[in-house]
């Protein structure tokens with residue numbers, strides 16, 4: 001089986017992080033990767049900079065991409081990547097898990113839900129149907 005872990009440059013609670021994960025999820029799904037194992041934001045090297053919201057985006061995008069024609073996926077990705085690639089060298093650090101979630105209930109903050117919904121709307125505007 002072929003699997004992949006995602007390491008976006010941007011940190012959690014940023015649109016860039018979610019869009020990076022989305023592009024990789026679309027690519028992996030369209031090319032037949034069997035396992036999408038998760039997302040480690042901030043390149044996976046910063047303590048407390050990963051949350052479940054990144055993996056949620058990965059999964060929702062994979063599900064939306066499944067069954068699409070590769071040519072359609074490529075059209076979306078070719079518009080998606082330019083939205084963030086210019087920021088690789090100065091990717092937003094994002095927030096820690098404790099800033100992104102209510103740690104007592106393990107639910108995302110309203111701020112992160114809004115960031116998530118904004119990233120999802122951008123994907124919909126590019127043609128991804130959830």
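Values in this text are rule-based calculations from the coordinates and carry no lab data. Remember, predicted model here, so these are calculated numbers, not experimental data.
Taking Cα atoms, how many degrees apart are the long axis of helix 70-80 and the longest axis of the chain, rounded to 10 and kept between 0 and 90? Compared with the principal axis, the helix lies near 40 degrees.
Dividing the mean sequence gap of close Cα pairs (under 8 Å, 6+ apart) by how many residues the chain holds gives a relative contact order of 33 percent. Across q = 0.20, 0.25 Å⁻¹, region 37-130 modelled as identical point scatterers on its alpha-carbon atoms has Debye log10 I(q)/I(0) values of -1.14, -1.43, in the order of the q list. Computed from Cα positions, the angle between helix 52-65 and the longest principal axis of the chain comes to roughly 10 degrees. Against the chain, whose longest principal axis is taken from its Cα atoms, helix 15-30 shows a tilt of about 40°.
Extension gain for residue 109 to residue 43 (0.36 nm times residue separation, less C-alpha to C-alpha distance): 21.5 nm. By how many nm would the segment from residue 99 to residue 124 grow when fully extended, if each residue of separation counts as 0.36 nm and the alpha-carbon distance is taken off? Here the segment from residue 99 to residue 124 would lengthen by 6.3 nm.
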